[in-house]
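Encoded as structure tokens, the structure appears first; notes follow it.
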Amino acid sequence: MSEMTLWGFDNSTYVRTVKMVLAEKGFTQFKQVPLNVLQGEPKTSEHLERHPFGKVPVLDYDGMRILETSAIARYLNDVLPGKSLIPATPKDRARMDMIVGIIDSYGYGAMVGGVTAYHLFPDFVGGKNDAARKGGIENGRKVIELAMKTKGSSPFIAGELSLADLYLAPIAFYVSLTPDKDAVFDLPGFADWWSKIQALPSFKETQPKLS
């Protein structure tokens, strides 16, 4: 079997999404090379050869280099054995893809760049920005509200556990560490979903060690 190398540090929500996919698949035979975003390591010339925009994660596997979390997660789901994390029906796949896209476009910036950064790493974003925090709370609530409406009576966002849940979970983890967690999370359906996520072995096993 070809060696798998994952580039990226555990504090990255996107790296954690990939590691949760690997954990859900029961795949442990990979090497992780940490690249600390907060210390600027992905912007080195060496990593820019891997990813021209200096981002993580990057995956090397079976003679192929894959950039971007959505491509990596889908590829791993397809090539690794185990239960699929992509829904079987077109409607449920659309539910998953919709929420993944919403998180990428609106959720990450709001909840990580706006809320989490304000409280946990303000220096990395140029200091505490009250307007960014307020906007982050507002848009974070919109993202979670839509995700929970999409979930409806299902146990997870797109029916069974899917990539949509594994995208939102690492972001929600960071928000949960802030004083703004109730302002973002106090929405119908979230508490039940969050309890299910926190009980997942893949969530527990990939929790980052925070200094």
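The values are calculated or read from the model by the stated rules, or taken from the named source; none is laboratory data. Predicted, not measured: the structure shown is a model, and the values here were computed from it. Here the Cβ is made from the backbone with ideal geometry for all residues, glycine too, and neighbour counts use every protein chain on show.
Within the group 164, 132, 183, which residue is at pLDDT 95 or above, closer than 21 Å to residue 16 by Cα and surrounded by 13 or more Cβ atoms within 10 Å (Cβ to Cβ)?
Going through 164, 132, 183 in turn, just one is at pLDDT 95 or above, closer than 21 Å to residue 16 by Cα and surrounded by 13 or more Cβ atoms within 10 Å (Cβ to Cβ): 164.
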I need the full set of residues from the range 147-169 which are in a loop (DSSP other than H, G, I, E, B) and either touching a residue at least 60 places away in the same chain (Cβ under 8 Å) or touching a Cys at 6+ places or on another chain (Cβ under 7 Å) (or both), in order please.
157, 161, 162
So, in the range 1-34, of the ones that are part of a loop (DSSP other than H, G, I, E, B) and in contact with a strand residue (DSSP E or B) (Cβ under 9 Å, 6 or more places away or on another chain), which residue ends up surrounded by the most Cβ atoms within 10 Å (Cβ to Cβ)?
8
Could you please let me know if residue 105 is part of a loop (DSSP other than H, G, I, E, B) and outside the structural domain of residue 20 (by TED's automatic domain parsing)?
no
Check on residue 47, of a type outside the set (A, V, I, L, M, F, W, C) and at pLDDT 95 or above:
no
Of the conditions (1) assigned to a helix (DSSP H, G or I); (2) over 22 Å from residue 97 (Cβ atoms), residue 112 clears all except one; give me its number.
(2)
Listed residues 56, 112, 143; which is over 20 Å from residue 21 (Cβ atoms), crowded, with 18+ Cβ neighbours inside 10 Å and in contact (Cβ under 8 Å) with a residue 40 or more places away in the chain?
143
Residue 89 meets each of (1) surrounded by 14 or more Cβ atoms within 10 Å (Cβ to Cβ); (2) at pLDDT 95 or above with one exception, condition (1)
Only unsatisfied item for residue 127, checking (1) outside any loop (DSSP other than H, G, I, E, B); (2) at pLDDT below 95, is (1)
Give the residue, chosen from 26, 63, that is touching a residue at least 24 places away in the same chain (Cβ under 8 Å) and more than 20 Å from residue 206 (Cβ to Cβ).
63
Can you report the number of residues in the range 35-53 which are in a loop (DSSP other than H, G, I, E, B) and under 17 Å from the mean Cα position of the chain (by Cα)?
2
